[in-house]
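Below is one structure; the comments refer to it alone.
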Amino acid sequence: MKNFGILLLAMVSCCLLQAKDRVVKQPPFIARSSSAIEIDRVVVSDTATVLDVKAFFRPHNWIQISNESYLLADNGEKYPIRSGNGITLGEKF
C-alpha cells in the first residue's frame, strides 16, 4: 500500500509539472521588420502562445499589426495571429 501511495504521488507530481506554462523573457530573434516593436515576453501553454509586445513610436505617429502576421516554426509551419489585446489587428494605432 505504501508503494502505491508513492507511485500515485509521483504520477500527480509529473502531471502538475507538465501543466505549467513556459515563459521566455526577451527571446532572441533572427530578423525583424521594424525597430518600433519589440517582443518582451512569450508565454506558451497547451492552448495558446501569447506574445507581450512593447511598441516605441513618437507622438502623432502610428503603428499597425497586420492581421496576416504569423510565427514561423523551425519546421516551416506557420502559426497565424488570432487576436490582439489593446490593439485592433489591421488598423492604425
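Taking a quarter of the surface of the Cα convex hull of the range 21-93 gives a mean projected area of 5.5 nm². Put in line by how crowded their Cβ is, counting other Cβ atoms within 10 Å and starting with the fewest, Phe57, Phe29 read Phe29, Phe57. Placing a label point 7 Å from the Cα of Asp21 along the Cα-to-Cβ line, no residue of the range 56-73 has its backbone N under 16 Å from it.
The numbers here are math on the coordinates, done by the rules we state, and not lab data. Keep in mind it's a predicted model, so treat the numbers as computed, not measured. Cβ sites come from the backbone with ideal geometry, for glycine too, and all protein chains shown count toward neighbours.
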